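Derivation of every value follows stated rules applied to the coordinates shown; laboratory data play no part. Everything numeric in this text was worked out from a predicted model, so none of it was measured. Please note: Cβ atoms are built from the backbone with ideal geometry, for glycine as well, and neighbour counts cover all protein chains shown.
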Amino acid sequence: MGIFNFLKNKELEELKEMPLEYWEENSYMIALPDKIEEWTPELIVSRIKEIKGVEVLEDEYLDKERTVKVKLKYDDGIYEVGIMPHPFNLYEFYLNNVYYFTEEEKEKIRNTHLGMTIYMHYLDDSKKSFHLQLKLAASVVPDLVGLVDESAERVLPARWVKLAASSKITPGPNDIVNVQVVTLKDEAWIHTHGLSRCGITELEILKSDRSNIENHCNLLMAYASYLIDKKVNSSETSSYIGLLANHNPILVTCRSWTIALKEYNKLKLGDIEDRRNGHNSRTSPIFIYKNEEDSNNKIISKVSIYNDLWGNNPIYFVSNAETDRMSKLARERFDYLKKVPLNEDTMILVKIALKVNDGKDLEHIWFEVLEFKDNKFKGRLTQEPYGICNIKMGDEIWLSKEEITDWEIYATRFKISPGNVYLLEEIENERK
């Protein structure tokens, strides 16, 4: 064994998790204004009091920290929030995420150098806590140009934030968690930001490769969603989160990075050197249990064992709570669909929950929208149903808003869903 390997093995034996950083222990966001105004404690508190469903219980101003501390009640939860103006300089990679920005929006964000930091500790319901923080940001800074989610290392568009803040429905796990990919030659290191503030370990996949990045990102996000919905931290127990294309179960687990690194040799990314100044607190690479026996005996395998088994359509389970949330959001934003012109450039698909023949279960199937009439629409069935015998692919029937569980708009440049419906403005701008 060479001296380098000897020293590296010694380091691995002595690894330990570092304490959480401030943006991991609590959720930190920076609301960026279009124009700087004189923020006074009285103005900030008065704007918070205007938020529907929020009751301010206590407030104080800490002059030395220039921070307004607010204790408030929201939907039976008691939250403590800190709000303070703070200098801001953009990390350009924060704009590289799943949200769309116009060039004008990007320039406004780049040119803003003072924002309002809003930080808070999340309660058990992370979706509700995240939703409250969006409401606070949109209220305290009404002329928002962007919201820096420091805990997730990305910027959220002002248009998305304002829509989400005004909604009765919470955002979903995809909005709370950011998945980042770092590549070097053919190797990829995939990891999350944003889970730690939920009291959950951040997740990673080590030694991914370019051909499986999309599969591994989907796996990472499915596991993150599972942990958020369960409202528990992950452990060494197995989590049954889906099925491979061959219908084998996807059983996942994770280990602290201090343990996980010992399972890998010759990492190009995510090794000890990459964790000197970050990714060294509560973060855990994912592993696979190949079967129930491995799960019982705690025999872990690397995610790469499934590299040839993902197929075109692995199935990830969605919790009842998340299905209900998505359905409510789709119905809440149904009226946006009626603004979309039905022509060769756009197609609207609506997912409907219909009772199967036994009268007990529901089957979720997609219809293409042909026309609207008030809260009803005519749809053409786009697939063969499994458990419903009185309709077939191609049938046209009238359906109602109340039956919707999801919808999608396919336009020339965008795929629009209830969660990013602000993009309809871009379609309208293209038509002008």
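Brief remarks follow.
- Assigned charges on the beta-carbon of Lys, Arg, Asp, Glu; segment 231-383 dipole about Cα centre (debye): 440 debye
- Links that overshoot a 19 Å alpha carbon limit, given the list LYS127/LYS231; LYS49/LYS73; LYS35/LYS168: LYS35/LYS168
- Neighbourhood net charge (11 Å Cβ-Cβ; Lys/Arg +1, Asp/Glu -1) for TYR22: -3
- Virtual spin-label span in nm between GLU428 and GLU92, 7 Å along Cα→Cβ: 3.3 nm
- For the chain, the relative contact order comes to 12 percent (Cα pairs under 8 Å, sequence separation of at least 6).
- GNM flexibility winner over the chain from ILE36, ILE48, ILE288 (Cα, springs under 10 Å): ILE36
- Whole-angstrom gap from segment 57-125 to segment 131-180, using each part's C-alpha centre: 9 Å
- With semi-axes defined as the square roots of five times the eigenvalues of the C-alpha gyration tensor, the equivalent ellipsoid of segment 6-139 measures 30, 23, 16 Å, largest first.
- Extreme residue, positive dipole direction of segment 179-316, given options LEU244, ASN296, VAL181 (C-beta unit charges): VAL181
- Over the residues of the chain, the helix contribution to mean residue ellipticity at 222 nm works out to -7000 deg cm²/dmol, using -39500 (n - 2.57) for each DSSP H run of at least 4.
- Extension reserve of the ALA245-ASN265 stretch, reckoned as 0.36 nm per residue once the Cα distance is removed: 4.3 nm
- Positive minus negative residues near GLU371 (Lys, Arg vs Asp, Glu; Cβ under 12 Å): +2
- Within the chain, helices built from complete DSSP H runs that reach 20 Å or longer along their own axis (Cα positions) and carry a mean Kyte-Doolittle hydropathy of -1.0 or higher are 126-140, 213-230.
- Among PRO87, THR323, TYR422 the positive-end extreme of the charge dipole of the chain (Cβ point charges): THR323
- Difference of contour (0.36 nm per residue) and Cα-Cα distance, GLU60 to LYS185: 39.7 nm
- In the chain, taking the dipole from charged Cβ atoms about the Cα centre, the farthest positive-side position among LEU147, HIS216, ILE397 is held by ILE397.
- From largest to smallest, the equivalent ellipsoid semi-axes obtained for the chain from the alpha-carbon gyration tensor read 36, 33, 20 Å.
- Label point distance in nm, SER46-LYS298, each placed 7 Å from Cα along Cα→Cβ: 5.9 nm
- Estimated translational D of segment 114-167 in µm²/s (Stokes, Kirkwood radius over Cα pairs; 25 °C; 0.890 mPa s): 216 µm²/s
- Springs between Cα atoms under 10 Å define the GNM used for the chain, and in it the highest mean-square fluctuation of TYR264, TYR422, TYR99 occurs at TYR264.
- DSSP-defined antiparallel bridges as percent of all bridges, segment 179-316, nearest 5: 90 percent
- Between the alpha-carbon centres of segment 375-432 and segment 312-363 there is a gap of 8 Å.
- Sorted from greatest to least, the principal axis extents spanned by the alpha carbons of segment 179-316 come out as 40, 34, 26 Å.
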